[in-house]
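Take a look at the structure below.
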Amino acid sequence: MTALAVGPTHGALVVRSLAMRGMQRILRRPSIILPTIIMPVFFLVAFTGSFSGITNIEGYGTDNVYNWMTPYAILQGVTFAGVGAAGMTGEDMEGGFYDRLLLTPGSRLPLMLGPIGYAMLRALIPITLVLVTAIVLGGADLNGGVLGVIVLYLGALGTAAGFACLGLVAIYTLKSMRALLAIQVPIFALTFLSIGQVPLEFQTGWLRQVSESNPVTPILEMLRQGFLGAVTWDQTWPGIVAVGVLILVFGLPAWFQLRRMAP
Amino acid sequence: MTTVTAIDDRSHLSTALDQMAELSARSIRNSLRNPSGYIPGLVFPLMLAAVYSAQFQRALGLPGFPEVDSFLDFILPASILQSVAFGATAAGADMALDIENGFFDRLLTSPVSRASILVGRLVGSAVEAALKFVVLLAIFLLFGASVKSGLPGVVVLMVVSLLLAIAIGGISLVLALRTGSQEAVNASFPLVFSTLFISSAFFPTELMNGWYQKVAEYNPVSWIINPVRRLVIEGWSWTDAATAIGLTATLGALTITWATFALRSRLRSL
Amino acid sequence: MSRPVEATGLVKRFGDLTAVDGVDLHVDEGEIFAFLGPNGAGKSTTVRMLVTLLQPTAGSARVAGFDVVREAGAVRRAIGVALQDAAIDPMMTGNELLQLQAVLHGLPRSVVRRRGPELLERVGLTAAADRRVGTYSGGMRRRLDLALSLIHEPSVLFLDEPTTGLDPTSRQSLWEEVRRLNDDGTTVFLTTQYLEEADQLAGRLAIIDDGAIVREGAPATLKEAVGSPTLRVDVPAGQREVAHQVLLRFGPNRPCREGRVAVGLDGGAAQMAEVVRALDEASVRVDHLELDAPSLDDVFAEATGRRLEGATE
């Protein structure tokens with residue numbers, strides 16, 4: 001038998017192979033990435049176009065609606081990327097190829113980190129596309145400078161990982177692509193019931209209560225700060241915590257489901 | 001001899017009506033049996049209305065925003081028409097499914113009248129629209145929305161909903177007949193959504209600017225939404241009622257004609 | 001030294017359904033072992049337990065000396081698996097899949113560079129290596145699947161219905177490859193619903209029906225155990241009952257297809273003349289008559305009361 005290296009290095013290699021396999025798939029069948037590209041850009045254009053008037057309301061925080069809506073559209077793109085990446089695992093399971101992956105010796109963790117890595121790589125596409133559209137089309141301000149952009153990218157990538165975990169827990173549980181339909185509602189609620197379109201102070205009643213406790217709200221605050229002004233730690237750490245919460249809340253059950261499937 | 005022919009004609013007519021009734025019943029039955037088809041079409045517009053009412057209340061004070069009691073009143077027509085429009089695309093999706101699984105061919109080989117194939121589907125859309133209209137209006141009223149023009153306004157809103165369902169249903173039938181693929185019909189869904197969004201449906205065009213404002217103003221959806229909305233938030237106006245009904249009726253007539261041509265060319269290509 | 005595969009009292013239940021109901025089996029070093037049975041008999045479920053993809057409800061199994069539940073990792077390292085339908089990602093090329101498979105098994109790059117082309121050559125896919133698997137024929141997919149399961153030089157190879165759905169030529173070439181692998185020292189565990197496949201390849205086989213093993217042994221031994229050859233007679237419909245009565249004097253009833261009468265001929269070929277005379281005396285008109293040495297199908301029929309031949313193809 002050939003000497004087998006099965007350890008952390010092996011795990012890292014597996015993660016890389018699986019993530020790159022996803023990206024390669026996009027190159028071979030570009031149609032799978034189309035929703036991830038078109039929808040966020042459409043959201044950016046539609047939300048800024050339809051609601052540009054709200055910048056005139058006292059206390060909106062910016063007079064360029066793109067500064068407010070760009071992180072929201074990026075968030076949408078990132079959820080698509082996360083769920084889409086989990087979809088690859090769903091396809092593998094439906095087709096039977098996933099058995100080959102499960103037969104890998106060593107920890108199951110790389111099998112889960114692979115699609116998460118793919119989600120993050122894939123998320124780079126809508127993040128960049130929305131950002132460029134916002135700057136070119138809407139003159140979005142980068143008041144937070146390079147640091148603001150870095151925080152935007154890192155925060156969005158972390159969020160992509162969180163939503164990939166949500167997709168994976170559904171896929172591991174139902175073992176079919178239908179799982180992705182089932183999580184449309186929670187995703188819609190998480191992104192929509194937040195400070196995506198207007199600040200918390202504008203919101204009334206139930207919506208405000210939900211938005212306040214929605215982990216996506218501090219994430220949006222973190223992503224948005226670089227458009228509105230300088231990057232501060234006060235607007236950053238709650239976002240980091242929230243990303244961590246998303247990853248833990250969805251990632252842990254996903255991990256348990258995967259272990260249950262083939263320990 | 002003459003009597004016989006007369007009876008024969010009558011029976012032809014009544015058979016055609018029977019067939020229409022049967023096919024309409026089939027499409028209504030199928031819709032009702034499939035809650036995953038109509039539930040999102042009810043829930044999504046309601047969610048949108050709930051969230052927008054809770055987050056855009058302050059926008060009511062903006063200069064250019066029409067005089068209105070609540071954002072809920074403002075968004076009521078858009079929510080109802082949105083739900084109706086989404087549901088109506090099911091007509092085409094169902095017909096495409098018929099085409100894909102061969103039931104459509106079976107219909108064609110039977111002596112069923114060609115018109116009843118289209119009518120059956122469109123009646124199905126209209127009935128679904130009427131049911132949605134009742135449910136949605138009741139929920140809106142329950143949450144404090146009001147229709148200023150009273151019962152006549154409600155009637156106009158209902159008629160416009162039915163006509164819109166027929167119009168959108170007609171377009172989706174064209175797609176189904178042309179492509180014969182359910183996937184292609186479903187792919188038109190984002191198009192319906194974006195057409196609706198880039199209009200005065202969710203926010204007044206007066207508060208938009210640049211090219212987006214132009215597109216929204218020229219969007220036929222705005223031409224329909226605006227008079228209907230005035231009936232809801234301002235009060236009765238014969239002009240608004242006539243405009244809304246006239247526009248949707250024209251749209252419906254156009255798409256039905258188009259669908260008829262599409263059916264004919266599909267029959268010819270068989 | 002423990003055996004490559006050893007299972008005791010394996011049970012798998014899915015809710016109320018018992019898919020595998022107490023399977024005991026073993027495979028010896030260097031053997032080709034066939035697991036024969038109709039669709040839904042529990043073959044795949046058993047294999048999935050042996051290759052660590054499914055947890056047994058009860059019982060235990062050791063593969064390559066490791067427990068399939070407690071030492072799943074070690075089992076996975078030691079075995080090669082080609083599962084039913086050759087489920088491989090159609091978007092990737094043969095080469096890419098080999099590389100991925102190597103990474104999954106933690107093989108150094110140098111090994112892939114050496115063994116990759118070697119394996120492709122071996123299964124006759126060198127020319128198609130850089131084509132996407134989606135463009136492969138059924139036979140090519142199976143051969144690639146086989147190559148994938150061999151990249152880490154496993155000591156035990158599991159093949160779940162390796163030739164189901166293949167044309168006869170592709171089937172032959174896969175058989176040859178399996179034999180060559182076995183000659184090189186690989187122990188092979190294969191499941192099949194084809195009698196011929198089990199007959200051709202297996203040194204020893206087990207017949208599974210309805211979740212339980214009903215016969216086990218070398219094909220020749222099993223056939224001998226059935227003993228008598230099978231006599232099949234075609235007679236006009238009206239005379240079937242009479243013919244049956246006559247034939248039963250010579251041996252036990254054997255199941256056969258509709259419209260025929262069959263018995264095991266206890267006295268063997270020597271009794272044929274006597275049988276024909278007896279039928280003639282009873283005024284039975286014989287349309288067709290054949291005598292076959294015991295086959296695996298007879299073994300299956302004797303054990304289950306049903307025929308496998310024709311039921312699956």
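The values are calculated or read from the model by the stated rules, or taken from the named source; none is laboratory data. Quantities reported herein were computed from a predicted structural model and do not represent experimental measurements. Virtual Cβ from ideal backbone geometry, glycine too; neighbours counted across all protein chains shown.
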TODO: Look through the stretch C:65-96, keep the residues that are among the aliphatic types (A, V, I, L, M) and more than 9 Å from chain A (Cβ to nearest Cβ), and return whichever of them is farthest from the chain's Cα centre (by Cα).
DONE: C:Val68
Open item on the list: in contact (Cβ under 8 Å) with a residue 40 or more places away in the chain, away from chain A (no Cβ under 13 Å) and surrounded by fewer than 23 Cβ atoms within 10 Å (Cβ to Cβ): which single residue out of C:Gly134, C:Gly139, C:Gly124 fits that description?
Closed with: C:Gly124
- [ ] For residues that are without any contact (Cβ under 8 Å) to a residue 12 or more places away in the chain and surrounded by fewer than 19 Cβ atoms within 10 Å (Cβ to Cβ), scanning just the stretch B:41-57, find the one that is farthest from B:Phe133 (Cα to Cα).
- [x] B:Met47
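A quick yes/no check of all residues on (1) surrounded by fewer than 23 Cβ atoms within 10 Å (Cβ to Cβ); (2) of a type outside the set (Asp, Glu); (3) within 14 Å of the chain's Cα centre (by Cα):
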position: C:Ala147; (1), (2), (3): no, yes, no
position: C:Gly165; (1), (2), (3): yes, yes, yes
position: C:Thr169; (1), (2), (3): yes, yes, no
position: C:Trp175; (1), (2), (3): yes, yes, yes
position: C:Asp184; (1), (2), (3): yes, no, no
position: C:Asp210; (1), (2), (3): yes, no, no
Open item on the list: Among the residues that make up the stretch A:32-46, is at least one of them closer than 20 Å to B:Gly61 by Cα, facing chain B (nearest Cβ under 10 Å) and surrounded by 17 or more Cβ atoms within 10 Å (Cβ to Cβ)?
Closed with: no
Task: Selected residue (only one of B:Ser79, B:Ser53, B:Ser31 is away from chain A (no Cβ under 12 Å), in contact with a Leu (Cβ under 7 Å, 6 or more places away or on another chain) and either within 25 Å of B:Ala126 (Cα to Cα) or in a helix (DSSP H, G or I) (or both)) - done: B:Ser79
Task: Entirely in the stretch C:1-98, the strands (runs of 3 or more DSSP E) that have 1 or more residues that are of a type in the set (S, T, N, Q) and either on the phi < 0 side of the Ramachandran plot or touching a Cys at 6+ places or on another chain (Cβ under 7 Å) (or both) - done: C:5-14, C:17-27, C:58-63
Task: Filter result (surrounded by 14 or more Cβ atoms within 10 Å (Cβ to Cβ) and in contact (Cβ under 8 Å) with a residue 12 or more places away in the chain) within the stretch B:246-263 - done: B:Leu247, B:Thr248, B:Ala249, B:Leu251, B:Gly252, B:Thr255, B:Ile256, B:Trp258, B:Ala259, B:Thr260, B:Ala262, B:Leu263
Task: Residue among C:Leu296, C:Leu195 that alone is closer than 30 Å to C:Leu17 by Cα, hydrophobic (A, V, I, L, M, F, W, C) and modelled with pLDDT of 85 or more - done: C:Leu195
Task: Single match in A:Gly11, A:Gly22 (criterion: within 14 Å of chain C (Cβ to nearest Cβ), modelled with pLDDT under 90 and touching a helix residue (DSSP H, G or I) at 6+ places or on another chain (Cβ under 6 Å)) - done: A:Gly11
TODO: Consider A:Ala140 carefully, then state whether it is under 20 Å from the mean Cα position of the chain (by Cα) and closer than 30 Å to A:Ala230 by Cβ.
DONE: no
Open item on the list: Given the options C:Leu181, C:Leu231, C:Leu190, C:Leu279, name the one that is outside any loop (DSSP other than H, G, I, E, B) and within 30 Å of C:Thr57 (Cα to Cα).
Closed with: C:Leu190
Task: Lone qualifier among C:Val263, C:Val233 - being under 27 Å from C:Arg204 (Cα atoms) and within 36 Å of the chain's Cα centre (by Cα) - done: C:Val263
TODO: Return the only residue of B:Gly102, B:Gly87 being away from chain A (no Cβ under 14 Å) and surrounded by 19 or more Cβ atoms within 10 Å (Cβ to Cβ).
DONE: B:Gly87
Task: Residue in the stretch A:81-109 that is nearest to the other protein chains (Cβ to nearest Cβ), counting only those that are surrounded by fewer than 21 Cβ atoms within 10 Å (Cβ to Cβ) and acidic (Asp, Glu) - done: A:Asp99
Open item on the list: Within the stretch A:68-79, does at least one residue satisfy the condition of being without any contact (Cβ under 8 Å) to a residue 12 or more places away in the chain and more than 8 Å from every other protein chain (Cβ to nearest Cβ)?
Closed with: no
Task: Failed criterion for B:Pro190 (all others in (1) more than 27 Å from B:Asp94 (Cα to Cα); (2) free of Cβ contacts under 8 Å to residues at least 60 places away in the same chain; (3) surrounded by fewer than 22 Cβ atoms within 10 Å (Cβ to Cβ) hold) - done: (1)
TODO: Evaluate the following for C:Asp16: is it surrounded by fewer than 17 Cβ atoms within 10 Å (Cβ to Cβ), over 17 Å from the mean Cα position of the chain (by Cα) and among the charged types (D, E, K, R)?
DONE: yes
Open item on the list: Let me spell it out: the conditions are (1) touching a residue at least 60 places away in the same chain (Cβ under 8 Å); (2) over 22 Å from C:Leu201 (Cα atoms), and C:Arg76 meets all of them except one. Which number is the exception?
Closed with: (1)
Task: Options B:Glu67, B:Glu22: the member that is away from chain A (no Cβ under 14 Å), surrounded by fewer than 20 Cβ atoms within 10 Å (Cβ to Cβ) and farther than 23 Å from B:Val127 by Cα - done: B:Glu67
- [ ] Go through the stretch B:174-200 residue by residue and tally those that are out of contact with any Phe, Trp or Tyr (no Cβ under 8 Å at 6 or more places or on another chain), outside any helix (DSSP H, G or I) and at the interface with chain A (Cβ under 10 Å from one of its Cβ atoms).
- [x] 2
Task: Enumeration of residues in the stretch C:266-300 that are surrounded by 14 or more Cβ atoms within 10 Å (Cβ to Cβ) and closer than 22 Å to C:Pro236 by Cβ - done: C:Met272, C:Val275, C:Val276, C:Ala278, C:Leu279, C:Val284, C:Val286, C:Leu289, C:Leu291
